[in-house]
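For reference, the structure is listed below as structure tokens.
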Amino acid sequence: MKKTLSIIALSIIGFGLVSCKKENKETQSPEAVATDSTAAVGTPATTDSAAASVTGEAPAAPVSNGPSTSIALSESNFDFGKIKKGDKVEHVYEITNTGKNPLVISEVKPGCGCTAPDFTKEPIMPGKKGKITLHFDSSNFDGNVQKYADVFANVDKAPIKLTFTANIQP
């Protein structure tokens, strides 16, 4: 009984730390978030192994399928300009496969929960175009913001960072 209560207490404390860390990430600059490797995500504790120490290592980047290729972006940064607080906006980034192998986008990982991605899931053949759409919810922000998403694909310099800015008005 005592052991079970200890495990439950550790779980609650662990989730509280993760929650605080996530909240801090939303207020940090993209550069600070990109280099922060101290956050850890855990699962509810049900065994003794769940109380193991956290290493603080960043998770490995997603593995992309197929041989490397090269790409050209229509743009890597977009400015929404002035938008009203609470507006939900989106922008489409166009990607062209300029290499000789199919381009496979394995994941688009936004920097915070206010940004949701959509992207071309099927392989993009050489010379063809694909799209990555970033949807932004401005409800929790005021003033100037800069957000980003990392694109993991079978290119030499992955991840590719897409950014956008907005000036959120009351």
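List, please: which pairs have Cβ atoms under 7 Å, are six or more places apart or on different chains, and start with a residue in the stretch 69-82 that is part of a loop (DSSP other than H, G, I, E, B) and end with one that is open to solvent by 60 Å² or more (accessible area, probe 1.4 Å) and among the polar types (S, T, N, Q)?
From the stretch 69-82, the pairs are Ser70/Thr98.
Looking at the stretch 81-106, which of its residues are of a type outside the set (Ser, Thr, Tyr) and open to solvent by 40 Å² or more (accessible area, probe 1.4 Å)? Show your work before the answer.
Of the residues in the stretch 81-106, the ones of a type outside the set (Ser, Thr, Tyr) are 81-92, 94-95, 97, 99-105.
Result: Lys82, Lys84, Lys85, Asp87, Lys88, Glu90, Val92, Glu94, Lys100, Asn101, Pro102.
Please enumerate the residues belonging to the stretch 156-168 that are over 15 Å from Val89 (Cα atoms) and open to solvent by 20 Å² or more (accessible area, probe 1.4 Å).
If the condition is that a residue be over 15 Å from Val89 (Cα atoms) and open to solvent by 20 Å² or more (accessible area, probe 1.4 Å), then Asp156, Lys157, Ala158, Pro159, Ile160, Lys161 are the ones that fit.
Which one is surrounded by the most Cβ atoms within 10 Å (Cβ to Cβ) among residues in the stretch 134-155 that are more than 13 Å from the chain's Cα centre (by Cα) and closer than 24 Å to Gly99 by Cβ?
Ala153
Test Lys82 against the stated conditions and say whether it is basic (Lys, Arg), under 16 Å from Ile168 (Cα atoms) and out of contact with any Lys or Arg (no Cβ under 8 Å at 6 or more places or on another chain). First the steps, then the outcome.
Numbers: basic (Lys, Arg): yes; under 16 Å from Ile168 (Cα atoms): yes; out of contact with any Lys or Arg (no Cβ under 8 Å at 6 or more places or on another chain): yes.
Criteria met by Lys82.
So which residues in the stretch 92-119 are closer than 16 Å to Asp150 by Cβ and in a loop (DSSP other than H, G, I, E, B), if there are any at all?
Val104, Gly111, Cys112, Gly113, Cys114, listed by residue number.
The values are calculated or read from the model by the stated rules, or taken from the named source; none is laboratory data. What you see is a predicted model; the values in this text were computed from it and never measured. Glycine gets a Cβ as well: all are built from the backbone with ideal geometry, and neighbour counts include every protein chain shown. Side chains are part of the model used for accessible areas, which takes the heavy atoms of the whole protein and leaves out ligands, DNA and RNA. Shrake-Rupley method; radii C 1.70, N 1.55, O 1.52, S 1.80 Å.
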